[in-house]
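Worksheet for the structure shown next.
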Amino acid sequence: MSSLHDRRGAPRYSVRLGAEIHYGGRIYTAMTRDLSAAGVSLEGDQAFEAGVPIQLSLFLVTEGIEDPSFPPVNVRGTVAWSNLGDGTGPAVTGVRFEGLTPQQNATLDRYLRAANER
C-alpha cells in the first residue's frame with residue numbers, strides 16, 4: 001500500500017474497500033480508490049453533487065469478500081467533488097469525513113494497517 005501526499009494534509013493510502021453510500025433513501029455500491037483519516041475517494045456507477053451530505057458504510061474485503069473479522073465502519077461525510085470522467089469508466093467521488101468519533105478513527109486505522117499487510 002502506498003501513501004499519497006497532497007494538499008489535504010492527511011496521507012492517503014491506495015486501498016480497496018467495499019462501500020455502501022446511503023443517499024436520498026437509496027443505497028449505492030462503490031469501491032474505495034484511496035483512504036485517509038480525513039476522507040475517501042470512491043469509484044462507482046453514481047456521481048453525487050458536491051456539497052451533499054451522505055452516509056457511508058466501509059467494508060474491509062479480501063479477494064472481493066467482506067472480512068468478518070472487521071465490522072463495517074459507518075461514517076458521515078460531505079461530497080467534496082465528483083467526476084463522471086469520459087463515460088467509459090466509473091464515476092469518481094471524493095468524500096470528506098465529518099465528525100468521526102475516536103472509535104471510527106481507530107477502526108479506519110485498523111483497516112489501513114490490515115490492508116497494508118495483505
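Which of the residues belonging to region 27-46 are under 8 Å from the mean Cα position of the chain (by Cα) and of a type in the set (Gly, Ala, Ser)? Walk me through how you get there before you give the answer.
Start the filter on region 27-46 by keeping residues that are under 8 Å from the mean Cα position of the chain (by Cα), which leaves 31-35, 39-42.
Passing the criteria: Gly39, Ser41.
Is one or more of the residues making up region 92-112 of a type in the set (Phe, Trp, Tyr) and at pLDDT 85 or above? Yes, region 92-112 has at least one match.
The values are calculated or read from the model by the stated rules, or taken from the named source; none is laboratory data. Model, not experiment: these values are computed from the prediction.
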